[in-house]
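Colleague: First, the structure itself, so that you have it in front of you.
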Amino acid sequence: MKRINITVNSNAKNNSVISLGDDNYKINVTTTPESGKANKKVIELLADFLKIKKSQITISKGHKNKNKVIEISG
């Protein structure tokens, strides 16, 4: 299982994933952080960026924080 650190910027102008190196990423999402909408979008964008299934991605820390730890299985 691989762990990566991400920083999420919600309410951004567009969706994007930026690799900062050493398993650190910055993710911009256009959605608001209400009812887990931003977290769902983060998982979707990260899965597309890493070319893996959404089911392989789990937010292990930071569900209600802009700094998150993501676990990738498989």
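Please treat every number below as a calculation from the coordinates, not as lab data. Everything numeric here is computed off the predicted structure, so don't read it as measured data. Counting neighbours? That spans all protein chains shown, and the Cβs are built from the backbone with ideal geometry, glycine included.
Colleague: Using alpha-carbon pairs under 8 Å, 6+ residues apart, how would you state the relative contact order of segment 20-74 in percent? The partial results should precede the final answer.
Modeller: Values: 41 pairs, mean separation 11.0, N = 55.
Relative contact order for segment 20-74 comes out at 20 percent.
Colleague: For a quick check, take a GNM of the chain with Cα springs below 10 Å and name the residue from Ser19, Ser60, Ser35 with the largest mean-square fluctuation.
Modeller: Ser35
Colleague: Label-point separation (nm) for Asn5 and Thr32, each offset 7 Å from Cα along Cα-to-Cβ?
Modeller: 3.0 nm
Colleague: Taking the Kirkwood radius as the inverse of the mean 1/r across Cα pairs, report the Rg/Rh of the chain.
Modeller: Details: Rg = 11.0 Å, Rh = 12.0 Å.
Result: Rg/Rh = 0.92.
Colleague: Considering only DSSP beta bridges whose two residues both sit in the chain, what percent are antiparallel, to the nearest 5?
Modeller: 75 percent
Colleague: Quickly estimate the mean residue ellipticity at 222 nm for the chain, helices only: each DSSP H run with n ≥ 4 gives -39500 (n - 2.57), and the total goes over all residues, rounded to 500. All intermediate terms of the calculation are to be shown ahead of the outcome.
Modeller: Details: 1 runs with 14 residues, N = 74.
When only DSSP H runs of four or more count, the value is -6000 deg cm²/dmol.
Colleague: Could you give the angle, 0 to 90 degrees to the nearest 10, between helix 37-50's Cα long axis and the longest principal axis of the Cα atoms of the chain?
Modeller: Value to nearest ten degrees: 40.
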